[in-house]
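Notes for the one structure printed next.
The values are calculated or read from the model by the stated rules, or taken from the named source; none is laboratory data. Quick caveat, the model's predicted, so the values are computed rather than measured. In this analysis, Cβ positions are derived from the backbone assuming ideal geometry, glycine residues included, and neighbour counts consider all displayed protein chains. Calculation scope for accessible area: heavy atoms of the full protein, side chains included, ligands and nucleic acids excluded. Shrake-Rupley method; radii C 1.70, N 1.55, O 1.52, S 1.80 Å.
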Amino acid sequence: MNIDFVDKSKLPYRPGVGIMLVNDLNQVLVGKRTDTKTEAWQMPQGGIDEGEEPLVAALRELKEEIGTCNAELIAESDDWFYYDVPD
């Protein structure tokens, strides 16, 4: 699907997780994207599969994106955040 021809205002919001991974030195993991022409960085994130709990999705995304899910939950947001994908 070519996203340039999709009316983004008609797309539903997709449930997802975003992970702030912090080590013992209080360093935060931010990865450089390799799929864009411009320099872009982001934290691990991804969609929640149907019936999947958010923490399970977060650990799955960590495993998929950085190769390990060896992490401990220390905090979780109290509410959901919504955003529109920029043009």
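Quick grid of which residues meet (1) out of contact with any helix residue (DSSP H, G or I) (no Cβ under 9 Å at 6 or more places or on another chain); (2) within 29 Å of Ser9 (Cα to Cα); (3) among the hydrophobic types (A, V, I, L, M, F, W, C):
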{"residue": "Asp24", "(1), (2), (3)": "yes, no, no"}
{"residue": "Ala40", "(1), (2), (3)": "yes, yes, yes"}
{"residue": "Gly47", "(1), (2), (3)": "no, yes, no"}
{"residue": "Glu50", "(1), (2), (3)": "yes, yes, no"}
{"residue": "Leu59", "(1), (2), (3)": "yes, no, yes"}
{"residue": "Glu64", "(1), (2), (3)": "yes, no, no"}
{"residue": "Ala75", "(1), (2), (3)": "yes, no, yes"}
{"residue": "Phe81", "(1), (2), (3)": "yes, yes, yes"}
Residues of region 53-64 satisfying the condition of being among the charged types (D, E, K, R) and not in a loop (DSSP other than H, G, I, E, B): Arg60, Glu61, Lys63, Glu64
Does Ala71 qualify as being small (Gly, Ala, Ser), over 15 Å from the mean Cα position of the chain (by Cα) and modelled with pLDDT of 90 or more? yes
What's the total number of residues in region 1-34 that are open to solvent by 100 Å² or more (accessible area, probe 1.4 Å), modelled with pLDDT under 95 and under 15 Å from the mean Cα position of the chain (by Cα)? 3
Neighbours by Cβ (under 6 Å, 6+ apart or cross-chain): first from region 10-28, of a type in the set (Lys, Arg); second not in a loop (DSSP other than H, G, I, E, B): Arg14/Gly47
Is it fair to say Glu76 is surrounded by 10 or more Cβ atoms within 10 Å (Cβ to Cβ), closer than 13 Å to Gly18 by Cα and not hydrophobic (A, V, I, L, M, F, W, C)? no
Looking at region 8-28, can you tell me whether even one residue there is of a type outside the set (A, V, I, L, M), in contact with an Asp or Glu (Cβ under 6 Å, 6 or more places away or on another chain) and outside any loop (DSSP other than H, G, I, E, B)? no
Could you list, in sequence order, the residues of region 37-52 that are loosely packed, with under 10 Cβ neighbours inside 10 Å and assigned to a loop (DSSP other than H, G, I, E, B)? Lys37, Thr38, Glu39, Glu50, Gly51
